[in-house]
Each structure stands twice: as structure tokens, then as C-alpha cells.
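A.B. asks: Here you go, one structure.
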Amino acid sequence: MATRGLSSIALACALALGLAGCGGEQAAVDPAQAGDGEGTIELAEFPDRPYWGDTHLHTDNSIDAFGFGVRLGPEEALRFARGEEVTATTGAKARLARPLDFLVIADHSDGLGATRRLYDAPRWYVKWVIGDETVLRWYDMMHEGPEQSQRAIGELITAAANDTLPETFSDPETAREGAEDIWNTQLSLLDRYNEPGRFTALAGFEWTAMPDGNNLHRVVMFRDGSDRTRQVMPFPGVDTAVEQLWDYMAAYEQATGGRVLAIPHNSNLSNGLMFELTMPDGSPMTAEYAARRAAAEPVVEVTQIKGDSETHPFLSPNDEMAGFGVKGWELGNLPLTQKTEPEMLAGSYVREALKRGLSLEQRLGVNPYAFGMVGSTDSHTALATGDEDNFFGKHTGNEPAYEERALQSQNLGTDRGRFGWHYLAGGYAAAWARGNTRAEIFDAFARREVYATTGPRMTVRVFAGFDFTDEDWNGDWVRAGYARGVPMGGELVDEGRPPRFLLSALKDPDGANLDRVQVVKGWLGADGELREKVYDVVWSDMAERPRRGGEIPAVGDTVDRETATYTNTIGAAELTATWTDPDYTPGESAFYYVRVLEIPTPRWTLYDAVRFGIELPEEALADAVAQERAYTSPIWLKPERGAGR
């Protein structure tokens, strides 16, 4: 959706003039639920398990989600995430097989709740008090059903772009009052559903900058309860720059004593603008800019419904597993108003950004792209599910009620080359924390002890140090990892000897076996060149699958295309290894992250094909089986002079 459209639709909050707030009186909550959770539960000595969540969910308070037709709000979203059954907008019963541990509802800040408020207004009010025939027609179209609702929003966006909005949309102050009511109501709701030790509800919103259709979106996530978050409003993305967002975040922390971070996402749709080597205006990047970015954005969302941003085969031609989730999304920017050229890819993918960060750090003394990685859904259905066998679509227009959704052209980028089967079902964020509270989950993000998966809940852990041995596996290896090394997201200062890693991966207890564990290394050579290499460290059935020509034979494929089933007769339930970098060079700057691959399993498209009797096109059928994966946050190896962020 064009940002200008979002901006102007924000003015639709004017329609709330004179209407009662939708929140009403809020039930009192336990003080433990209303804060950041510190001191509310007993914490483990170390982060003891990954907590699973989604930091990027939209509800009917997002103007585009509402326009697509969703009629589920934040409360249904929270109930679903906690494992309760809800009824999806198109009528199907929806429930997670396993509840999530945390959720960030990240509705667009621009036009927050605007279309919802218009929809909820009494018709007499729209007809007689507002008295605008166009607004009344849009109102009626919204009430006719999802298809007409989408048309109404489309007309509204067009009118905004052409400066032909009805006069009633022209009062920004009233618009702010309407959004403020929505925001405060949601904060109270989050406190009510936030239960330390059981489920964490974090406040957030999406900052939706998109110059010329190039995606620069960020999810903003707060650590705090409503006593602090109520002191600010979500920051608009329209006509603002990312430095202004960082100003807003800094001002919030200074004024409230709270904490907030931003998570860039869909760099794959930025046409190279997300991870530039320069300032946004093309001038040389400054150390101040790099430091501000590193401080505000410790994590990126590497995988979600609109594709995967780890790397692209053009950038990583020697990585045989590169290219997961790029089909369709590699064609151009978000609305497909600008084609993606090969020279844009380096600024669009995370692995290349991690490499660029090493180069920038050498020049500036600070690395702007030293970030960790998470996955999330970006679902616009209010249903946070990243499960292939429980996929409820990007928006209500491709919920399971639409049996041929995999074949439909998608209006996210018109119908020129993107189709339903290009959507991924993922992903999820895993946070290593000492307990399930706002503070613990947020702090895991801030120190980058998090990882991404494309949907499966596999348990992945990595430590790096200099003296780990195989003997560590015979004792308390987690304690050893923290005592003599650093976890994912950490930094090592070079000691003139190769780093050693403890790597552990467990299959999703309800999912598929594992194929292999890889280490992805990027480094800055003495010649100033940036390089990368993927190491197969440990894999299933190693004795039966020896390397051939430097490569590991494929694990096999048990997927039955006729029934959309698979068996765990191949692969391994657990893979562990102690690994030493064989290509270490003293004094180099490098990063290492772990990629874990499952055995091949059906994608949601194959489940749909079997369930609805659909014949997939050849290209879609070839893509209907995939190796789901996890990406850990990197560990950085720094020369002694470059230690510290």
C-alpha cells in the first residue's frame, strides 16, 4: 500500500468525531500484568528454553488489513495466540496446535483504526452528521462484504493519492484523538492478557515508510507496560525518515525510562535501500548514523509470509541451499512499481548486509548491521500462525475459504508475476530467555539471543569460545558455554587462535527430522574483499552419506505428493557438534551464524492441493515441498582493536 495512501487514510479518524470510544471501561488488572514483568516470577539461572512468538501481526486496526476484509481485532488475536479457538473472518474455526509464548500486535501507525471506526459508526451518523455521499457509499460498501470492502479501501486510497478526499477527512487533530483512543484501548487490553510466566503481550506498531514503493518498514516493539507506553502515540511512517523514528524512540526512553527497539523487515522488497553502504541521501555513511542504527535496530526479521531475506542465489552462487522463499518476491519492490535489478540485491538481503557491516565497521569504527535474526508472520488476518498445515493466509482474501488461493494472482504487486503459492507460511521468532515476561523477552532481542525459523519449532543453540572440546558435551555444556564463551548474538575478541563452537539442534517435537547443521561464515579479508562460505558441520547418517566432491548427498525425500504426508524414516532427531573454523586467519573480522535444515516436508500449497483437489501448475508443484529451516543470530569475531559495539 502506498504510503501517501496510508497518510491520508489516517485522516479518516476524523470520522470518529462525536462517536464514543470503542474501548469503554477496562477491567482492573493485577499490577504484575501491567508492567515490564521484572520481579514477578522466579527466573532461571540461564536462559533455559526458547520462547516462541510472533512480533509482526496485524488486526482490523490496520487500515489495509481491514480493507482486505479482516474483522478480527486485537482481542481475538491475543486469544488465538494463547491457544484458544476463534472464528476466522471467513467463518472457519481457527486454533493453534500449540500456543505461542509471546505476541506483538504491530498494526500500521498510519491511520490506526481509521477504517474500523468508520465501519463501526452508526449509519445515521455517517448519513446525517457527516453528510457526504462518497463517505456514505464507502461505508455501505464496507458492510456489503470483503470484496466490496476492498474496493472501498481502494477508492479511498486513490482519492487520497489524488487529493480528492471528502472534506470530512481534513481534520488531523480529530484524527489523532481517534487513534489515541484506539491505542490506549489496545494497551489496556495487552495488560489484561499479559500474564508473566504464561504469556507475554508486548506493545508495538509498524512504521510503514515506503519511498517509491521500496519497502523500508520497521516493527517497533516496547519493553514496557501501559504506564509508560501510554505516554506516547505510535510514530507515523508517512513523510518521515528513519532518523526521525530513532529520534522518537530515544525521546521515549529519555522521557519514560522505558526501552524500545525497531525491527526492519522485508528487506527483500526494498530494491537495495534497506542495507545501503551510504546514508539515505547517497552521501558517505557517518559513524554517528551507523551507531544510531546499531543501537536502535539490534534485530531484523529475516523470514515471513512475503518471502525470505537470508540470501539470494545471485549473491551466494556457491550455496546450494540459497534461495528459499525468493520466488515471486525477487521480481521487484512491494507494489511492483519498480523492477529489481541485480545490482540492487546486495542491499536487500541479510547475509550481504552482515558482510557490508564488517566493511563499514573497518572504516567507521562501528558496525551498523550487527543484527540478530528473527522470523514472524506479517499476517493481516489477526491469526499468528506460521504452520504449513494451519496456514490462514496473508490476508482474508486468501484464507482457506478460498480453495484456489494458491493459484490466484495477488494484488500485493498487482497480478504481474506474483501468485498465491509464492506466499510462505512462516515464520516464528525464538527468544532464549530466563522466563516469560516482557522484560525477559525484550532483553533477549536486545542482546540478540534470538533466532528465526520458517515455521518449525526446532531448538537451536550455539556457543563460541576458544577452548571448547568434545568433553564439554559430557557435562553441563550450557553452563560451560556461558562461562567460557558467548551465545548467539555475542561477540568474541580474537585471541590469535581459531574460535571453537558448541552447536546443538533438536527437531521440532511435533515436526520433521533434521537433515543437517551448517555454519555460515562471512569475513573481511586482508585484501579488503568480503567473502562468505557455508560449512556442512554435522548431518544425519554421516556414515552412509560421506562427502562426495566436497558436497553432502541429499538426505532423501519421503513426501507423498498424493497425500501430502511424510515420514521421519530419514534424518535425525538431534544433531550436535564441536566445530573449529578451518579457515581462520588471525586478526580478521568475521561473523558466524548457524543454519539448520529439516528433511523435505510439504508446504501449505501441497496440503491445499490434496485437501481441495487442486492441480498445481508445474512450477508451483515443484515448489510444494521444501526444507524448512532455522537461522540463528550471528556471533562476531573481532580483532582486539574492534571489540565492542
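The values are calculated or read from the model by the stated rules, or taken from the named source; none is laboratory data. Everything numeric in this text was worked out from a predicted model, so none of it was measured. Please note: Cβ atoms are built from the backbone with ideal geometry, for glycine as well, and neighbour counts cover all protein chains shown. Just so you know, the surface numbers come from the protein's heavy atoms only, side chains and all, with ligands and any DNA or RNA stripped out. Shrake-Rupley method; radii C 1.70, N 1.55, O 1.52, S 1.80 Å.
A.B. asks: Can you report the number of residues in segment 493-551 which are at positive phi and out of contact with any strand residue (DSSP E or B) (no Cβ under 8 Å at 6 or more places or on another chain)?
C.D. replies: Number of matching residues: 4.
A.B. asks: With the structure loaded, tell me whether LEU103 is open to solvent by less than 10 Å² (accessible area, probe 1.4 Å), closer than 12 Å to LEU383 by Cα, in a strand (DSSP E or B) and touching a residue at least 24 places away in the same chain (Cβ under 8 Å) or whether it fails that test.
C.D. replies: Considered against the rule, which asks whether it is open to solvent by less than 10 Å² (accessible area, probe 1.4 Å), closer than 12 Å to LEU383 by Cα, in a strand (DSSP E or B) and touching a residue at least 24 places away in the same chain (Cβ under 8 Å), LEU103 comes out as yes.
A.B. asks: A follow-up question, please. Somewhere in segment 302-320, is a residue assigned to a helix (DSSP H, G or I) and among the aliphatic types (A, V, I, L, M)?
C.D. replies: no
A.B. asks: Another question, then. Does segment 326-336 contain any residue that is of a type in the set (Phe, Trp, Tyr) and within 30 Å of GLY528 (Cβ to Cβ)?
C.D. replies: The answer is no; no qualifying residue exists.
A.B. asks: Do we have ALA384 as open to solvent by less than 40 Å² (accessible area, probe 1.4 Å) and either assigned to a helix (DSSP H, G or I) or touching a Lys or Arg at 6+ places or on another chain (Cβ under 8 Å) (or both) here?
C.D. replies: no
A.B. asks: Report whether or not LEU502 is at pLDDT 95 or above, farther than 30 Å from ALA622 by Cα, open to solvent by 10 Å² or more (accessible area, probe 1.4 Å) and of a type in the set (A, V, I, L, M).
C.D. replies: Taking the combined requirement at face value, the residue does not satisfy it.
A.B. asks: Related question: Quick one: what pairs do we get from segment 175-187, first residue in a helix (DSSP H, G or I), second of a type in the set (S, T, N, Q), C-beta under 8 Å, 6+ apart or different chains?
C.D. replies: Close Cβ pairs satisfying both conditions: ILE182/ASN61; ASN184/SER226; THR185/GLN26; GLN186/ASN61; LEU187/SER226; LEU187/THR229.
A.B. asks: Step by step: first the residues of segment 215-227, then only those that are in contact (Cβ under 8 Å) with a residue 60 or more places away in the chain and open to solvent by 10 Å² or more (accessible area, probe 1.4 Å), then the one that is nearest to MET344 (Cα to Cα). Which residue is that?
C.D. replies: Per the criteria, the residue is ARG223.
A.B. asks: Restricting to segment 483-533, count the residues that are of a type in the set (Val, Ile, Thr) and either part of a loop (DSSP other than H, G, I, E, B) or more than 14 Å from PHE466 (Cα to Cα) (or both).
C.D. replies: The qualifying residues number 3.
A.B. asks: Would you check which residues across segment 340-381 are surrounded by fewer than 24 Cβ atoms within 10 Å (Cβ to Cβ), of a type in the set (Gly, Ala, Ser) and either assigned to a loop (DSSP other than H, G, I, E, B) or out of contact with any Phe, Trp or Tyr (no Cβ under 6 Å at 6 or more places or on another chain) (or both) and list them?
C.D. replies: Answer for segment 340-381, where residues must be surrounded by fewer than 24 Cβ atoms within 10 Å (Cβ to Cβ), of a type in the set (Gly, Ala, Ser) and either assigned to a loop (DSSP other than H, G, I, E, B) or out of contact with any Phe, Trp or Tyr (no Cβ under 6 Å at 6 or more places or on another chain) (or both): ALA346, SER359, GLY365.
A.B. asks: Okay, next question. I need every pair where a residue in segment 429-447 that is closer than 16 Å to PHE371 by Cα has its Cβ under 8 Å from the Cβ of a residue that is open to solvent by less than 10 Å² (accessible area, probe 1.4 Å) and of a type in the set (Lys, Arg), sequence separation at least 6 or different chains.
C.D. replies: From segment 429-447, no pairs qualify.
A.B. asks: Can you pull out every residue in segment 219-244 that is part of a loop (DSSP other than H, G, I, E, B) and either basic (Lys, Arg) or over 22 Å from THR200 (Cα atoms) (or both)?
C.D. replies: Once the filter is applied, which keeps residues that are part of a loop (DSSP other than H, G, I, E, B) and either basic (Lys, Arg) or over 22 Å from THR200 (Cα atoms) (or both), segment 219-244 yields ARG223, ARG230, PHE235, PRO236, GLY237, VAL238, ASP239, THR240, ALA241.
A.B. asks: Same structure, new question: For the structure I just gave you, tell me whether ASP510 is at pLDDT 95 or above and more than 15 Å from ALA626 (Cβ to Cβ).
C.D. replies: Criteria met by ASP510.
A.B. asks: Of the residues PRO400, PRO456, which is open to solvent by 10 Å² or more (accessible area, probe 1.4 Å), in contact (Cβ under 8 Å) with a residue 40 or more places away in the chain, out of contact with any helix residue (DSSP H, G or I) (no Cβ under 8 Å at 6 or more places or on another chain) and not acidic (Asp, Glu)?
C.D. replies: PRO456
A.B. asks: Return the residues of segment 444-458 that are under 15 Å from SER633 (Cβ atoms) and of a type in the set (Ser, Thr, Tyr); say none if nothing qualifies.
C.D. replies: The answer is TYR451, THR453.
A.B. asks: Among the residues of segment 278-298, which ones are assigned to a loop (DSSP other than H, G, I, E, B), buried (at least 16 other Cβ atoms within 10 Å of the Cβ) and touching a helix residue (DSSP H, G or I) at 6+ places or on another chain (Cβ under 7 Å)?
C.D. replies: Those that are assigned to a loop (DSSP other than H, G, I, E, B), buried (at least 16 other Cβ atoms within 10 Å of the Cβ) and touching a helix residue (DSSP H, G or I) at 6+ places or on another chain (Cβ under 7 Å): MET285, PRO298.
A.B. asks: Taking PRO335 as meeting all but one of (1) surrounded by 18 or more Cβ atoms within 10 Å (Cβ to Cβ); (2) modelled with pLDDT of 95 or more; (3) of a type outside the set (Asp, Glu), write down the number of the exception.
C.D. replies: Result: PRO335 passes all but (2).
A.B. asks: Give the number of residues within segment 245-263 that are under 21 Å from ALA370 (Cβ atoms), outside any helix (DSSP H, G or I) and free of Cβ contacts under 8 Å to residues at least 60 places away in the same chain.
C.D. replies: Adding up the residues that qualify gives 2.
A.B. asks: For ARG198, indicate whether it is under 27 Å from MET274 (Cβ atoms), surrounded by fewer than 21 Cβ atoms within 10 Å (Cβ to Cβ) and touching an Asp or Glu at 6+ places or on another chain (Cβ under 9 Å).
C.D. replies: no
A.B. asks: Considering segment 85-94 alone, what residues qualify as being open to solvent by 10 Å² or more (accessible area, probe 1.4 Å) and either touching a residue at least 40 places away in the same chain (Cβ under 8 Å) or of a type outside the set (Lys, Arg) (or both)?
C.D. replies: Those that are open to solvent by 10 Å² or more (accessible area, probe 1.4 Å) and either touching a residue at least 40 places away in the same chain (Cβ under 8 Å) or of a type outside the set (Lys, Arg) (or both): GLU85, THR87, THR89, THR90, GLY91, ALA92.
A.B. asks: Does ASP476 satisfy the criteria of being farther than 25 Å from ASN436 by Cβ, at pLDDT 95 or above and either among the small types (Gly, Ala, Ser) or over 18 Å from the mean Cα position of the chain (by Cα) (or both)?
C.D. replies: no
A.B. asks: Please work out which one of (1) of a type outside the set (Gly, Ala, Ser); (2) surrounded by fewer than 18 Cβ atoms within 10 Å (Cβ to Cβ); (3) touching a strand residue (DSSP E or B) at 6+ places or on another chain (Cβ under 9 Å) is the condition GLN148 fails and give its number.
C.D. replies: (3) is the only condition that GLN148 fails.
A.B. asks: Give the number of residues within segment 202-249 that are aliphatic (A, V, I, L, M) and touching a strand residue (DSSP E or B) at 6+ places or on another chain (Cβ under 6 Å).
C.D. replies: The total comes to 7.
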